[in-house]
1. As an exercise: evaluate residue 209 against (1) surrounded by 18 or more Cβ atoms within 10 Å (Cβ to Cβ); (2) not in a strand (DSSP E or B) and give the number of the one condition it does not meet.
2. State all residues of the range 257-271 that are more than 22 Å from the chain's Cα centre (by Cα) and surrounded by fewer than 19 Cβ atoms within 10 Å (Cβ to Cβ); if no residue qualifies, say none.
3. Which residue out of 42, 26, 11 is at positive phi and not assigned by TED's automatic domain parsing to the domain that holds residue 250?
4. Within the range 237-255, identify whether any single residue is farther than 27 Å from residue 270 by Cα, out of contact with any Asp or Glu (no Cβ under 7 Å at 6 or more places or on another chain) and at pLDDT 95 or above, and answer yes or no.
5. Any idea which residue in the range 144-181 is farthest from the ligand (Cβ to nearest atom), counting only those that are of a type in the set (Val, Ile, Thr) and in contact with a strand residue (DSSP E or B) (Cβ under 7 Å, 6 or more places away or on another chain)?
6. Just for the range 213-235: of the residues that are touching a residue at least 12 places away in the same chain (Cβ under 8 Å) and crowded, with 18+ Cβ neighbours inside 10 Å, which one is nearest to the chain's Cα centre (by Cα)?
7. Going through the range 174-195 one residue at a time, which ones are under 17 Å from residue 137 (Cβ atoms) and surrounded by 13 or more Cβ atoms within 10 Å (Cβ to Cβ)?
Amino acid sequence: MFEGLSGRLGDVLEKLRGKGSISEDDVKEAMREVRVALLEADVALPVVKDFVAKVRARAVGQEVLKSVTPGQMVIKIVHDALVEMLAGEVGGAADDEDEDERSARKRDRVTEALDLNTTPPVPILMVGLQGSGKTTTSAKIGLRLKTMQRKKVLMASLDVQRPAAQHQLAVLGEQTGVDTLPIIMGQKPVQIAKRALDEGRKGGYDVVILDTAGRLAIDEELMEEVAEVRKITNPAETLLVTDAMIGQDAVVVATEFNEKVGISGIVLTRVDGDSRGGAALSMRAITGRPIKLMGTGEKMDALEEFQADRVAGRILGMGDVVSLVEKAARSIQVDEAEKLARRMEKGKFDLEDMLSQFRQVRRMGDVKGLLGLMPGVGKMKKQIEAANIDDSMIKRQEAIILSMTRRERRYPDIIKASRKKRIAAGAGTTVQEVNKLLKQHQQMAQMMKKVKKMGGMKGLAEQMG
Ligand code: GDP
């Protein structure tokens, strides 16, 4: 998938890559070509317009980082806009965790992409056109839930249009070792769905996957039938399965299903094929529903989490430039950290400094990151690790400082009872928490004074070893 698009975008951006300076005309010219490339890849027109406008505005207004060229900067902007188009946002929460942590807890990105937090048996409804890969994907999901999450899964085919369909699911069930609902000929989809949930309850199943019938094209009867099934089963996930190869039609299909049935997410199949991929690029933007999974082959284990940044990376094929710009952006934060360190050496440390420190810590990803920048703080690092400072705690403390006026931040001594009450209310917390933060600030400010007495950070480092 994406080969054509990738090649065209590559050509456009390659031209920019080495440029020492970029004019508005350069950006305009490049965006014209990006626009054509996206349209040729079947991306829906409104999505293309939005994309190009966004990139143009950002590219023109953007300050170029010290160590990269303007061309590299534009590539990063295009990359981020692609991620946004695919995910609706930059940097999903899933990426906050590192691989080690994930594997340590035996987590599985595929099953975690699904929201299955209701009382068992949790229904998952699979919808889509005939031949989109619904039945195959049902079995793939069933198998994953069974092996990775040790769930007891029941699958049922509601496809009464094609007698072979129910049989097909039974065969896949046998192949994967996932139970399927016994077939009773002559039952309507709604009856089968009810029977499946009944059986799910009686048999102690965790999840019931309902594979609905598909038609070759959208029709009213199909929509009503599926909507009815959704109403009575109240599924935790309603997944629209779409074939990445169907091009522009995918947008029509997704819109129809989303409006008439309601979907919670999208599964894109045949990503392994040589489709132009534009449908995939449009679907999130058009429906507002996330692409959760992608099918990458006919085999039962060919199912992956849809990761927008990886897919964007694959489209652009310029991972090196993207990470270079990211690194440069991070080094600006290092500059800020150094500025703060100089202030601290002078023994100055008010609540604004504390706020900026919190922000840096959060941006760096972890406390250890910031401490690593300061010379010789081995002991302090251990203490902070022991205190178990985490992101949400820092966010809460930030909220408290943000509820203060500028004057309060500069002169914390003026914060007495009534101000504390107001600050706590503003941050959605208690006066005790405000007190705790003020005390922490005092201790830090005192430490800064000590640091100054000992002759700056170097002195501190010598003391602490
Ligand atoms: P349904 O009619 O929507 O239930 O579609 P099926 O599950 O029967 O799939 C139709 C065909 O597509 C089958 O031959 C599958 O093996 C194939 N298929 C499904 N998903 C994928 C995929 O991700 N990649 C490839 N290459 N083939 C797939």
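1. (2)
2. Passing the criteria: 259, 260.
3. The unique qualifying residue is 42.
4. no
5. That would be 153.
6. Ranking the qualifying residues of the range 213-235, first place goes to 235.
7. Result: 176, 178, 180.
A quick yes/no check of all residues on (1) away from the ligand (no atom under 16 Å from the Cβ); (2) more than 22 Å from residue 169 (Cα to Cα); (3) at pLDDT 75 or above:
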{"residue": "89", "(1), (2), (3)": "yes, yes, no"}
{"residue": "92", "(1), (2), (3)": "yes, yes, no"}
{"residue": "97", "(1), (2), (3)": "yes, yes, no"}
{"residue": "101", "(1), (2), (3)": "yes, yes, no"}
{"residue": "105", "(1), (2), (3)": "yes, yes, no"}
{"residue": "115", "(1), (2), (3)": "yes, yes, yes"}
{"residue": "132", "(1), (2), (3)": "no, no, yes"}
{"residue": "138", "(1), (2), (3)": "no, no, yes"}
{"residue": "142", "(1), (2), (3)": "no, no, yes"}
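The values are calculated or read from the model by the stated rules, or taken from the named source; none is laboratory data. From a predicted model like this one, the values you see are computed outputs, not experimental measurements. Backbone-built Cβ (ideal geometry, glycine too); neighbour counts: all protein chains shown.
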